[in-house]
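Here the structure is laid out as structure tokens; the discussion comes afterwards.
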Amino acid sequence: MKVLELLDELEEIVDTSSSFPLTGKILVDAEDILEVVRDIRRELPDEMQQAQWITNERQRIMDKAKQEYEEILRDAKKQAESLIESDDITVKAKKRAEEIMQMAAANARNLKMNTFDYIDSLLYNFQDKMDQLNATYFNDMFNNLQKTFEQVNGTLAENREEIKELIYKTQEEEL
């Protein structure tokens, strides 16, 4: 894999650089290092870039669900207010408004649950791919890269826990 070759090149740059006596510090050409880093970024698997997309997509879906929920509530309130013309109509309007509110809450809850399932599925698949990449490419040779994978997995696990907590809270709202 090209990334391993680039990491070897980085290591060679460090090994062959001039050092300052008694300090443990070296003098390297920044442009050489930056060029290798850019090459590594270009070679990293697409799954790494998908992590940011999943995070952004999760937020977009949550924002959209909230917006739809609020819109349904506004529409329900408008319909209920327009029906208030007489006592008989008021009673019917209140009953209908309550039904609409329950339907809106149920629809919003279903949308949330579907969103949570979708996000959890994406996170699970990505977490599995990250585990496969970790085992295949980096497990024994590069501890620093392994730490990165573990941090990403930790974040994914935290996100899944957030989703599960939101699912639990949403289910509790039904009761």
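The values are calculated or read from the model by the stated rules, or taken from the named source; none is laboratory data. Everything quoted here is computed from the prediction, not taken from an experiment. Cβ coordinates were reconstructed from backbone atoms using ideal geometry, including for glycine residues, and neighbour counts include every protein chain displayed. SASA here: full protein model, heavy atoms, side chains in, ligands and nucleic acids out. Shrake-Rupley method; radii C 1.70, N 1.55, O 1.52, S 1.80 Å.
Determine which single condition E158 fails, assuming it passes every other condition in (1) among the acidic types (D, E); (2) within 24 Å of E68 (Cβ to Cβ); (3) at pLDDT 90 or above.
For E158, the exception is condition (2).
Going through the stretch 99-116 one residue at a time, which ones are out of contact with any helix residue (DSSP H, G or I) (no Cβ under 7 Å at 6 or more places or on another chain) and within 16 Å of R60 (Cβ to Cβ)? Before the answer, list the steps.
Going through the stretch 99-116, the residues out of contact with any helix residue (DSSP H, G or I) (no Cβ under 7 Å at 6 or more places or on another chain) turn out to be 99, 102-103, 105-106, 110, 114.
N114, the sole residue that qualifies.
Between a first residue in the stretch 85-104 that is modelled with pLDDT under 75 and a second residue that is assigned to a helix (DSSP H, G or I) and open to solvent by less than 100 Å² (accessible area, probe 1.4 Å), which pairs have beta carbons less than 9 Å apart while being 6 or more apart in sequence or on different chains?
E85/A93
With the requirement that a residue be acidic (D, E) and exposed (fewer than 14 other Cβ atoms within 10 Å of the Cβ), what does the stretch 44-79 give you?
D46, D63, E70, E71, D75
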